[in-house]
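Asker: Handing you a structure now.
The values are calculated or read from the model by the stated rules, or taken from the named source; none is laboratory data. Source: prediction; values computed, not measured. We place every Cβ from the backbone using ideal geometry, glycine too, and count neighbours over all the protein chains shown.
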Amino acid sequence: MKQKGRFGDYGGFYVPEVLIPALEELEEAFYRFYEDDEFVSELEDLSRHYAGRPSPLYYAKRFSEHVGCKVYLKREDLLHGGAHKVNNTLGQGLLAKYMGKTKLIAETGAGQHGLATAMIGALFGMETKIFMGVVDIERQSVNVHKMKLCGAEVIDVEGGTGTLKDAINDALRYWTAHVTDTFYLFGSACGPHPYPTIVKHFQICIGIEARQQCLDEIGRLPDMVLACVGGGSNAIGIFNEFIDDKDVKLIGIEAGGRSLSSGRHAATLVAGRVGVLHGAKAYLLQDDEGQVYETESVSAGLDYPAVGPEHCMLKDSGRVEYVAAEDKEVLDAFELLSKTEGILPALESAHALAHLVGLKGKLDPETVVVVNLSGRGDKDVGIVEKYRPVKD
Amino acid sequence: MKTYSQVFSEVDGAALIPFFVIGDPDFETSIEIVKAAIDAGADILELGIPFSDPIADGPTIQKADIRSLSNGMTVKKALEFIKQIKVHRDIPIGLLMYYNLVYQYGTEKFFSDFHKAGVNSVLIADLSIDDADEVADPARGAGLDTVFMVTPNTDAERMKLIASKTTGFIYTVSVLGVTGSRNELSGAVEGLVKKIKGVTDVPVCVGFGISKPEHAKTVAAAGADGVIIGSKIVGLIEENLDDKDKAVAEISEFIATVKQALAEGPTQ
Ligand SMILES: Cc1ncc(COP(=O)(O)O)c(C=O)c1O
């Protein structure tokens, strides 16, 4: 491997020997193509015409009135597929194409990354397999169906809690046996090097656009930028461009599940300890001896016990503040945005909104807040209905 | 304490190395099974401390990890387990670990405590030679041999690098894939063993997918110094969960059969 893939002491590539050649090949290909003129222009063209970039920055007036500050939504929910995930799958999918790979595999939690991979598999005519935990298959069934319509095979993962962690375990095991012809299209800014770097590269367009949109449309930088954190891709995607703007407060919101004190949550940075899982050193929810905890969250996309290595570094340095939002607040925020704006947020993104709602009354009314609305909530309607039946 | 090199020079042909998950299905039964395996002819033991997320393992060993963990296995109890085994017989023991358990215990302390208990080496499945510095120095400092893996897709240059950091034996993975018993032995084994032997004098043991006495024979004939058998044996525990005596008997018998096959030497 050419680089160590470290963010401070975090990251690295803690994988079995058999995967090293594939990660080396991926690293080599990424650095060969990511600034290549042809690659860049093909990706730009697809981002615009296939995915729908740039995404708008929308001033959510009625939601703002409710919260008591000026809330702007970065509308990643409007992209094709319904989430920021397509930024990464287009980038990595194109990389796979340039590398001459014809088979894709991916893990998925909420099904958004699985869907975004299935779309790209169809677009490039590649055979696609999506690994998904059985619990997630049930709670995100709409996305399962969409993936199949795009021609992907969805593989049930029974092990563990049947969630994202277990899907990654099985995808890694499958990759081990098919490493010579299969491209593993990893879905978040975590896992072994070079994935955190690659995924970040394809997601930083969110922050680049958002920062410029703030300057053009509001005439100044925001005071705060909020994003939910599962593995960390939409968050690093929007934070990165603001890191050097020291006056812009950056807040990452993790899944507080039932509550932090119940232990039934997925708030890795808030409540975890440094460990090694899925190829990287990072904060991890684990017991004293290092056995990984089962996590719980109303949102499948945040229901994960580890987190991207760069976020660990940003936590330690204090540049980004990480907090948790509990399921109940998240469902409230989902309803609030739906009622005030007619926008159904993904339950993942609703974590960021929930934190903001919690700041109500504490913010100056002129405060400008950008929330990364990482995805839309169509996939979550069934879950919300279960917890909060709509009254006629 | 008996060393790997003593064993490799004592056995004629290849050493027989069964793998067990410590505490599978429970502490007491696991002790009984491992002792029986030693009595039946095991030359070296490969033991795993169960982990919640064993990404290098197939379904058989995953299930063994779950059985062991749900019956209360811990890293501390594994230390006690090894001490008890060493009282039964001074046999070299290689631990097969996932890094997080070592890291949480404290890498240096883990190596030193387990070396004192009687472990000869600690192979970390999810740590490649590139991060060897994190473990190789503390391991040698604690008096352990270092064992690393070579796989069918490891190129010659990297093999040399791996060999240069290895003191116990090279753990040669016979197939691209995770652990699991397989009906056919990978055709790549012979060439792979020869290739490694071409670049180093460090002993070579072969594992992953070896499930039958004939497989062991073929691997030995290819020049391997040791044959590691995991999932096949762990599967015998799974098949006999309701009858522990039968599990012990079947494992003893299997090990004795493989031992016999290895002693007969190559058939051709
Ligand atoms: C809409 C949406 N937002 C956020 C996430 C969490 O992932 P990440 O932290 O990588 O952005 C997911 C994951 O499935 C998602 O679907």
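Asker: State whether one or more residues within region A:329-338 are closer than 27 Å to A:Val357 by Cβ, assigned by TED's automatic domain parsing to the domain that holds A:His66 and within 13 Å of the ligand (Cβ to nearest atom).
Answerer: Looking only at region A:329-338, we keep the residues that are closer than 27 Å to A:Val357 by Cβ, and these are A:329-338.
Checking which are assigned by TED's automatic domain parsing to the domain that holds A:His66 leaves us with A:329-338.
Within this subset, residues satisfying the condition of being within 13 Å of the ligand (Cβ to nearest atom) are A:330, A:334.
Yes, region A:329-338 contains a residue that is closer than 27 Å to A:Val357 by Cβ, assigned by TED's automatic domain parsing to the domain that holds A:His66 and within 13 Å of the ligand (Cβ to nearest atom).
Asker: Another one. Identify all residues within region A:90-134 that are of a type in the set (A, V, I, L, M), more than 14 Å from the ligand (Cβ to nearest atom) and assigned to a strand (DSSP E or B); write none if there are none.
Answerer: A:Leu104, A:Ile105 - these are the residues of region A:90-134 that are of a type in the set (A, V, I, L, M), more than 14 Å from the ligand (Cβ to nearest atom) and assigned to a strand (DSSP E or B).
Asker: Just checking, does region A:32-46 include any residue being hydroxyl-bearing (Ser, Thr, Tyr), under 18 Å from the mean Cα position of the chain (by Cα) and in a helix (DSSP H, G or I)? Outline the logic, then answer.
Answerer: Of the residues in region A:32-46, the ones hydroxyl-bearing (Ser, Thr, Tyr) are A:34, A:41.
Pick out the ones that are also under 18 Å from the mean Cα position of the chain (by Cα) and you get none.
No, region A:32-46 has no match at all.
Asker: Could you figure out which of (1) among the acidic types (Asp, Glu); (2) in a helix (DSSP H, G or I); (3) surrounded by 20 or more Cβ atoms within 10 Å (Cβ to Cβ) isn't true of B:Glu28?
Answerer: Evaluating B:Glu28 over (1) among the acidic types (Asp, Glu); (2) in a helix (DSSP H, G or I); (3) surrounded by 20 or more Cβ atoms within 10 Å (Cβ to Cβ) leaves (3) as the failure.
Asker: Take A:Gly81 and tell me if it is away from every other protein chain (no Cβ under 14 Å) and either touching a strand residue (DSSP E or B) at 6+ places or on another chain (Cβ under 7 Å) or free of Cβ contacts under 8 Å to residues at least 40 places away in the same chain (or both).
Answerer: Details: away from every other protein chain (no Cβ under 14 Å): yes; either touching a strand residue (DSSP E or B) at 6+ places or on another chain (Cβ under 7 Å) or free of Cβ contacts under 8 Å to residues at least 40 places away in the same chain (or both): yes.
When the stated conditions are applied, A:Gly81 passes them.
Asker: Still on this model: Select, from A:Ala152, A:Ala171, A:Ala177, the only residue that is away from the ligand (no atom under 14 Å from the Cβ), within 19 Å of the chain's Cα centre (by Cα) and of a type in the set (Gly, Ala, Ser).
Answerer: On the way: A:Ala152 fails: within 19 Å of the chain's Cα centre (by Cα); A:Ala177 fails: within 19 Å of the chain's Cα centre (by Cα).
Criteria check complete, one pass: A:Ala171.
Asker: Right, next: Considering only region A:306-326, I want to know if a residue exists there that is more than 14 Å from chain B (Cβ to nearest Cβ), of a type outside the set (A, V, I, L, M, F, W, C), within 13 Å of the ligand (Cβ to nearest atom) and not in a helix (DSSP H, G or I).
Answerer: Within region A:306-326 (the criterion being more than 14 Å from chain B (Cβ to nearest Cβ), of a type outside the set (A, V, I, L, M, F, W, C), within 13 Å of the ligand (Cβ to nearest atom) and not in a helix (DSSP H, G or I)), the answer is yes, since at least one residue qualifies.
Asker: Sticking with this one: Considering only region B:86-196, give the strands (runs of 3 or more DSSP E) lying wholly within it that have at least 1 residues that are away from every other protein chain (no Cβ under 14 Å) and at pLDDT 95 or above.
Answerer: B:93-97, B:121-124
Asker: Also, quick follow-up: I'm trying to understand the selection: among the residues of region B:215-259, which are in contact (Cβ under 8 Å) with a residue 24 or more places away in the chain and part of a loop (DSSP other than H, G, I, E, B)?
Answerer: B:Ala222, B:Gly223, B:Ala224, B:Asp225, B:Gly230, B:Leu241
Asker: Can you name the condition, by its number, that B:Ile17 falls short on among (1) over 22 Å from A:Gly290 (Cβ atoms); (2) within 14 Å of chain A (Cβ to nearest Cβ); (3) not polar (S, T, N, Q)?
Answerer: Against the list (1) over 22 Å from A:Gly290 (Cβ atoms); (2) within 14 Å of chain A (Cβ to nearest Cβ); (3) not polar (S, T, N, Q), B:Ile17 comes up short only on (2).
Asker: Restricting the search to region A:331-366, which residues are outside any helix (DSSP H, G or I), surrounded by fewer than 24 Cβ atoms within 10 Å (Cβ to Cβ) and in contact with a Leu (Cβ under 9 Å, 6 or more places away or on another chain)? If you could, list the steps in order and put the result at the bottom.
Answerer: Of the residues in region A:331-366, the ones outside any helix (DSSP H, G or I) are A:342-346, A:359-366.
Those still in the list that are surrounded by fewer than 24 Cβ atoms within 10 Å (Cβ to Cβ) too: A:342-344, A:359-366.
Passing the criteria: A:Ile343, A:Leu344, A:Leu363.
Asker: Please work out which one of (1) more than 30 Å from A:Thr108 (Cβ to Cβ); (2) within 10 Å of the ligand (Cβ to nearest atom) is the condition A:Leu221 fails and give its number.
Answerer: Single failed check for A:Leu221: (2).
Asker: Assess whether A:Val18 counts as being without any contact (Cβ under 8 Å) to a residue 24 or more places away in the chain and either over 14 Å from A:Leu95 (Cα atoms) or within 23 Å of the chain's Cα centre (by Cα) (or both). Break it down stepwise before answering.
Answerer: Values: without any contact (Cβ under 8 Å) to a residue 24 or more places away in the chain: no; either over 14 Å from A:Leu95 (Cα atoms) or within 23 Å of the chain's Cα centre (by Cα) (or both): yes.
Criteria not met by A:Val18.
Asker: Would you pick out the residues in region B:48-66 that are more than 10 Å from chain A (Cβ to nearest Cβ) and touching a residue at least 60 places away in the same chain (Cβ under 8 Å)?
Answerer: B:Thr60, B:Ile61, B:Ala64
Asker: Given the residues A:Thr163, A:Thr176, which is the only one that is among the polar types (S, T, N, Q), over 26 Å from B:Val173 (Cα atoms) and within 14 Å of another protein chain (Cβ to nearest Cβ)? Even if it seems obvious, please write down each step before you answer.
Answerer: Values: A:Thr176 fails: over 26 Å from B:Val173 (Cα atoms).
Checking each option against the conditions leaves just A:Thr163.
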